[in-house]
1. Select from segment 77-90 the residues that are polar (S, T, N, Q) and crowded, with 16+ Cβ neighbours inside 10 Å and list them in ascending order.
2. Checking the structure you have, find out if any residue of segment 118-128 is part of a loop (DSSP other than H, G, I, E, B) and within 26 Å of GLY277 (Cα to Cα).
3. Suppose the filter is open to solvent by 10 Å² or more (accessible area, probe 1.4 Å), in contact (Cβ under 8 Å) with a residue 60 or more places away in the chain and not small (Gly, Ala, Ser); does ASP199 pass it?
4. Whether any residue in segment 150-159 is in contact (Cβ under 8 Å) with a residue 60 or more places away in the chain, in contact with a helix residue (DSSP H, G or I) (Cβ under 7 Å, 6 or more places away or on another chain) and either among the basic types (Lys, Arg) or crowded, with 17+ Cβ neighbours inside 10 Å (or both) is what I want to check.
5. Being over 21 Å from ASP192 (Cα atoms) and in a strand (DSSP E or B) is the filter here; which residues of segment 138-157 pass it?
6. Could you pull out the residue among PHE125, PHE109, PHE55, PHE93 that is modelled with pLDDT of 95 or more, at negative phi and either in contact with a helix residue (DSSP H, G or I) (Cβ under 7 Å, 6 or more places away or on another chain) or open to solvent by less than 10 Å² (accessible area, probe 1.4 Å) (or both)?
7. So, in segment 128-143, how many residues would count as being surrounded by 15 or more Cβ atoms within 10 Å (Cβ to Cβ) and over 19 Å from LEU178 (Cα atoms)?
8. Under 9 Å between Cβ atoms, which residue pairs at least 6 apart in sequence (or on different chains) link something in segment 266-286 that is at positive phi with a partner that is open to solvent by 40 Å² or more (accessible area, probe 1.4 Å)?
Amino acid sequence: MNDTHDHAVDSRRHFLKCMAWAGTGTLWLMHGGVLKAQPLTSGGGTSAADASFGFVQISDSHIGFHKAPNMDVAGTLRSSLGMIRAQPVQPDFVLHTGDLTHLSRPEEFDALSGIMQDARMGKVFYVPGEHDVIGDNGAEFFRRFGERQQAGGWYSFDHRGVHFVGLINVLNLKAGGLGSLGADQLAWLKKDLASLSPDTPLVVFAHMPLWPLYPDWGWGTDDSNEAVSYLRRFGSVSVLNGHIHQIQQKVEGSITFYTARSTAYPQPAPGTAPAPGPMKDIAPGDLHRYLGIRDVRHVQGSHALAVTEEVMS
């Protein structure tokens, strides 16, 4: 084995060792696609003061859901947004990675809009979840929350040297509920990235995982391999998803995949239950441990993203 290979193996062993910290206060530093983790209590790392900018990811608010284990998903969303407002350095924007609502009803979208406005979140970028496109193929979602850059709803933007790409993978679901990007979106993605330098940090976000996390439950995207092939030439790629309501991470070369907690309810770990769905047997006093937000800060020039998981207190 050469030194480079040994270093990669050691880094991945360290990553697996540190997985147990996720959710209890972890600072994730990404360098060239390899994560290094340390407890937030250890000091050092990339602080808010060091960051050139920061943003927050929230996901799976499921406004309209009213069952165990959470009878007040609007309240837990407000609590999550309150955590953002309490940050000593406010994020530049928020990413919501889908399932804003539970049943795509107009009153649910109305409630979500009101909560976000009341919290004074500023700019929020959205992509839909499968719960946001029920019955109308996403027409109501895109009318209210779409960026309108492309007819299909996908879009990209640049912010302080980082290129962000919002993908749609919840329309035309495949067998078993797998997500799908489709030929038109894949062709657009290839073109969108073509002119970028390999040194450009990328953040790609969508609702369903862009890696085969657990296909038996539909936790993946049928044609994600082609999309990922366009990302491999870049030195620092972070892929942010929702959908599975829990933290899972995977490192694949220079690409790190992250899935996010829900602000509404948790789901079981892959394969530990007959099917996915709300974990109903959580005591009300313990629910906050499973819900939260993700704070991401970028340091200009270092190509590093510091990813902090924060649970509700």
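1. Once the filter is applied, which keeps residues that are polar (S, T, N, Q) and crowded, with 16+ Cβ neighbours inside 10 Å, segment 77-90 yields SER79, SER80.
2. Within segment 118-128, one or more residues are part of a loop (DSSP other than H, G, I, E, B) and within 26 Å of GLY277 (Cα to Cα).
3. Yes; evaluated as a whole, the condition is true for this residue.
4. Within segment 150-159, not a single residue is in contact (Cβ under 8 Å) with a residue 60 or more places away in the chain, in contact with a helix residue (DSSP H, G or I) (Cβ under 7 Å, 6 or more places away or on another chain) and either among the basic types (Lys, Arg) or crowded, with 17+ Cβ neighbours inside 10 Å (or both).
5. Passing the criteria: none in range.
6. Just a single option satisfies the conditions, and that option is PHE109.
7. Total satisfying the criteria: 3.
8. GLY271/TYR214; GLY271/ASP216
The values are calculated or read from the model by the stated rules, or taken from the named source; none is laboratory data. Treat the numbers as computed from the prediction; the structure is a model and nothing was measured. No Cβ is skipped: glycine too gets one built from the backbone with ideal geometry, and neighbour counts run over all protein chains shown. Ligands, DNA and RNA are excluded from the accessible area calculation, which covers all protein heavy atoms including side chains. Shrake-Rupley method; radii C 1.70, N 1.55, O 1.52, S 1.80 Å.
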